[in-house]
Amino acid sequence: MTRPYSRRRFLGQSLGLGAATVAGSALWTGCGSGSDQQGDDEQGVVVSKPVEGKLNVTWWTHNNPAFVAANVEMIRRFEEENPDVHIVYQHFPYDVFSRKLQAGYRAENVADIQQMFGTWVTEYAKNGLLDEVPASLGGSKAAESFWPAAVGAYQYKDKLYGIPHEYNLENGGLLFNPRLAKASGITEPPSTWEELVEAGQRLTKRNPKGKVTQVGLAFTASDPITFTFLSMILQRGGDYWDADGVHVNFHSSQAQQAWIDETELVTRYQVDNSTWYNGDPFEMFFRGRAAMAKHGPWVVEAGKANFPKFTDLTYIAEPPYAGDVVKFAAESGWGEVVNAGASDENREAAWKFIEFMAQTDNMRDWNARTATVPALRELKDDPQLLQKAPYLEVPFAVLPHGRWVGQVYDRDAFWGFINDAFVSVELGKADPIDALQEAEQQINAMIDQNVEPR
């Protein structure tokens, strides 16, 4: 069965990376006085306690080690310049963190600042729980400094409710194993959709009994399936949103042809199949069992950390499916928001800290430490980032062609319905168009349960 894997959930699982955890722990000790590394999952880890005589501003985040290390460094720098303010920092496992935010806001007992995933921001803003970006930071005009896809979810009714830290894209690049490609007579990465499909077929290997021993193009997980589908619609000149801008419309010729072409990757061309293996496509690649895999650039550093002995890696540009460029939709990634219920003094200090983190040099360092694609337009093609991570050249090339995915309301349900439709076609249980229309109905029913009355 197709795996409902996502980058967000990877963040919650990455504490298994021993080296990264040790590195993060070493940096935590630099967070100033009152540091306390004790805590269980529900309570999280208290990195720094309140300090008497200072203005204590609380901050909650998830616990990915690279993110934590980058956050701690930002705190250190900020407190050096602002000795009267102390950031009381606490982080939680991903699943605990998402619940903690919901419960905290309901109980009016939540931190002054949260490092929130962009897709969640719109709903919190809609319910009046988040503070609007103040005029001193540019107000709603501050959004112009960031890529539209990165900042989209932070905006509600033409107002800005947070500052994004990353461009969270899943399109534009492919993991490519040059050694396995060469063994199959492929000397150059595919540069067209037709070449990609052909390469996927040639790189899919079976033993004499017909069992697949090598996947040609691994992509059968919820995120790659959904983001690929939406990207294919856009590249064909269509749109997945209906005319009302609220519901989805998969009845268009562009959507239906994109869906047929995507599902045929498994039903006709057989470059991948969710029944062939367990685990995520990128894990198959780093285990040497997939010659190509479709994922966002975040998997490069994730794979290196999880599989340090693997060296057969190139991150290549994804060939356009239609047209000349890879148009795509992206969720807004992680960034900072401020609790509207915090005191005036704490909200002012919170935005001061967020403004400090948003300075170009600090943004650059945060992205470099977390191996994330910058949300700040100014950092596109940044030489320092490219020197540290040359593979960023691939996502940098497509950033202007991305758009915010839009208000999906229940993210897991939206992706899940498309995923389930794909699996039903893959298993031969449904006609492609019938499965697609069922997904459309399910998504629109979910939207109707969540949409604001007009």
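Kindly provide the trypsin sites (Lys or Arg not before Pro) of segment 147-183 that DSSP labels as loop, not H, G, I, E or B, and whose Cβ sees at most 15 other Cβ atoms within 10 Å. Kindly include the intermediate steps, with their values, before the conclusion.
Numbers: sites: 157, 159, 179, 182; in loops: 157.
Those that pass, being in a loop and sparsely packed, are 157.
What's the angle, to the nearest 10 degrees (0 to 90), between helix 94-106's Cα axis and the longest principal axis of the chain?
With rounding to tens, the tilt is 50 degrees.
Pop the C-beta distance of residue 158 and residue 107 into the FRET formula with R0 = 41 Å and round what comes out to the nearest 0.05.
Working: r = 30 Å, r/R0 = 0.73.
For residue 158 and residue 107, the calculated efficiency is 0.85.
Which is the longest part of the chain that has none of the GluC sites (Glu not before Pro) sitting in a DSSP loop with at most 11 other Cβ atoms within 10 Å?
Details: sites that count: 42, 52, 108.
Here the longest segment lacking exposed loop sites spans 109-454.
For a label point 7 Å from the Cα of residue 343 along Cα→C-beta, name the residues of segment 39-65 whose backbone N is under 20 Å from it.
The answer is 48-60.
From the residues 160, 109, 62, which one has its Cα farthest along the dipole of the chain in the positive direction, the dipole being from +1 and -1 charges on Cβ of Lys/Arg and Asp/Glu about the Cα centre?
62
When the dipole is taken about the Cα centre of segment 108-176, and only Lys, Arg (+1) and Asp, Glu (-1) are charged at their Cβ, what size is it in debye, to the nearest 20? Write down the numbers at each step before the final one.
Details: 4 positive and 9 negative charges, 39 e Å.
Around 180 debye, computed over segment 108-176.
Counting pairs of alpha carbon atoms under 8 Å apart in space and at least six apart in sequence, what relative contact order in percent does the chain give?
Numbers: 843 pairs, mean separation 100.5, N = 454.
Rounded, it is 22 percent for the chain.
Give, in nm to one decimal, the length gained when the segment between residue 304 and residue 195 is fully stretched (0.36 nm per residue of separation minus the Cα-Cα distance).
Working: separation 109, 0.36 × 109 = 39.24 nm, distance 2.73 nm.
Stretched fully, the residue 304-residue 195 segment lengthens by 36.5 nm.
If you count only protein heavy atoms with a 1.4 Å probe, what accessible area per residue comes out for segment 37-88, rounded to a whole Å²?
Numbers: 2190 Å² over 52 residues.
Normalised by residue count, the accessible surface of segment 37-88 is 42 Å².
For segment 47-52, take each phi angle, set θ = phi - 60°, evaluate the Karplus expression 6.51 cos²θ - 1.76 cosθ + 1.60, and give the result in whole Hz per residue in order, putting x for glycine and proline.
7, 8, 8, x, 10, 5
Set the Förster radius R0 to 51 Å, insert the Cβ-Cβ distance between residue 211 and residue 361 as r into 1/(1 + (r/R0)^6), and round the FRET efficiency to 0.05. Numbers along the way, then the final one.
Details: r = 53 Å, r/R0 = 1.03.
E(calc), rounded to 0.05, equals 0.45.
Within the accessible area of segment 357-417, what % is carbon and sulfur when the probe is 1.4 Å and the other protein chains stay in place?
Numbers: 1180 of 2470 Å².
That fraction is 48 percent.
With θ taken as phi - 60° and the coefficients 6.51, -1.76 and 1.60, list the Karplus ³J(HN,Hα) couplings across segment 380-385 in order, rounded to whole Hz; mark glycine and proline as x.
Ordered by residue, 3J(HN,Hα) equals 4, 6, 4, x, 5, 5 Hz.
Give a residue-ordered list of calculated ³J(HN,Hα) values for segment 71-88 (Karplus: 6.51 cos²θ - 1.76 cosθ + 1.60, θ = phi - 60°; whole Hz; x for Gly, Pro).
Going residue by residue, I get 4, 4, 5, 5, 4, 4, 5, 5, 5, 5, 8, 10, x, 7, 10, 10, 8, 8 Hz, with x marking Gly and Pro.
The values are calculated or read from the model by the stated rules, or taken from the named source; none is laboratory data. Just so we're clear, the structure is a prediction, and the values are computed from it rather than from any experiment. Every residue, glycine as well, gets a Cβ built from its backbone with ideal geometry; the counts of neighbours run over all protein chains shown. When the accessible area is computed, the model is the full protein with side chains, heavy atoms only, and any ligands, DNA or RNA have been set aside. Shrake-Rupley method; radii C 1.70, N 1.55, O 1.52, S 1.80 Å.
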